[in-house]
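*Asks:* Structure incoming, see below.
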Amino acid sequence: MKQISFLLVGIYFGIVLSKADVISWFRIQEMFRFQSFHMYGIIGSAVLTGMLSIFLIKKLGIKTTSGKNIDLVYKKYHKGYLPGGILFGCGWALTGACPGPMMALIGNGFPIFIVAVFSAILGTFAYGMMKEKLPH
């Protein structure tokens, strides 16, 4: 039953991404060319929502659905974040989508994004294989 609820939330997320025009290649290109505020407004509102959510979780002592405490652990900066972020941003700019919208694009009738999803999975697998050899 839990998987069905996750599937329904995923479908709803895809619909929201589609309706908000977040999966549009043109919107993403506008963002990377600094030609439109649309995507920055959406990303900014997501950051503000996250900040408010974390504040409320801490302030109200909200627990998970199973009654466990939600522990928010500070993550120390790592020098690999910068090149990783640049690589992620280049992939985002070249494909016109990050991982969540890629699934929505497939669902909206753009099967070419199966190649992008496969490439993302392959890259994740490659990282997992090389993780121990990389400087962490």
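*Asks:* Please state which of the following conditions Phe32 fails to meet, knowing it meets all the rest: (1) touching a residue at least 24 places away in the same chain (Cβ under 8 Å); (2) touching a Leu at 6+ places or on another chain (Cβ under 9 Å).
*Replies:* (2)
*Asks:* All but one of (1) in contact (Cβ under 8 Å) with a residue 60 or more places away in the chain; (2) farther than 19 Å from Val22 by Cβ; (3) among the hydrophobic types (A, V, I, L, M, F, W, C) hold for Ile86; state the number of the condition that does not hold.
*Replies:* For Ile86, the exception is condition (1).
*Asks:* Conditions first: (1) assigned to a loop (DSSP other than H, G, I, E, B); (2) more than 27 Å from Ile11 (Cβ to Cβ); (3) modelled with pLDDT of 85 or more. Lys79 passes all but one, so which condition is the exception?
*Replies:* (3)
*Asks:* When you check Ile54 against the structure, is it closer than 24 Å to Ala20 by Cβ and surrounded by fewer than 11 Cβ atoms within 10 Å (Cβ to Cβ), yes or no?
*Replies:* Considered against the rule, which asks whether it is closer than 24 Å to Ala20 by Cβ and surrounded by fewer than 11 Cβ atoms within 10 Å (Cβ to Cβ), Ile54 comes out as no.
*Asks:* Among the candidates Leu8, Leu52, which residue alone is closer than 30 Å to Ala116 by Cβ, at pLDDT 90 or above and of a type in the set (A, V, I, L, M)?
*Replies:* Leu8
*Asks:* Which count do you get for residues in the range 42-74 that are over 18 Å from the mean Cα position of the chain (by Cα) and at negative phi?
*Replies:* 19
*Asks:* Now, a different point. Considering the range 89-111 alone, what residues qualify as being over 16 Å from the mean Cα position of the chain (by Cα) and assigned to a loop (DSSP other than H, G, I, E, B)?
*Replies:* Scanning the range 89-111 gives Asn108, Gly109, Phe110, Pro111.
*Asks:* For the range 107-120, name all the residues that are without any contact (Cβ under 8 Å) to a residue 12 or more places away in the chain and closer than 18 Å to Gly14 by Cβ.
*Replies:* Passing the criteria: Gly109, Phe110, Pro111, Ile112, Ile114.
*Asks:* Looking at the range 90-106, I want the residues that are loosely packed, with under 15 Cβ neighbours inside 10 Å and at pLDDT below 85 and have a partner that is part of a helix (DSSP H, G or I) and of a type outside the set (Gly, Ala, Ser) with Cβ atoms under 6 Å, at least 6 apart or on another chain. Which pairs are those?
*Replies:* So the pair list comes out as Ala93/Phe32.
*Asks:* Of the residues Ile86, Ile114, Ile23, which single one is surrounded by 11 or more Cβ atoms within 10 Å (Cβ to Cβ), part of a helix (DSSP H, G or I) and either among the β-branched types (Val, Ile, Thr) or in contact with a Lys or Arg (Cβ under 6 Å, 6 or more places away or on another chain) (or both)?
*Replies:* Criteria check complete, one pass: Ile114.
*Asks:* Could you please let me know if Gly67 is assigned to a helix (DSSP H, G or I), among the small types (Gly, Ala, Ser) and closer than 26 Å to Gly10 by Cα?
*Replies:* Criteria not met by Gly67.
*Asks:* Right, another one. Pairs under 9 Å by beta carbon, first residue within 17 Å of Ile106 (Cβ to Cβ) in the range 1-19, partner exposed (fewer than 11 other Cβ atoms within 10 Å of the Cβ), six or more apart or different chains?
*Replies:* So the pair list comes out empty.
The values are calculated or read from the model by the stated rules, or taken from the named source; none is laboratory data. Keep in mind that what you see is a predicted model, and the values were worked out from it rather than measured. Virtual Cβ from ideal backbone geometry, glycine too; neighbours counted across all protein chains shown.
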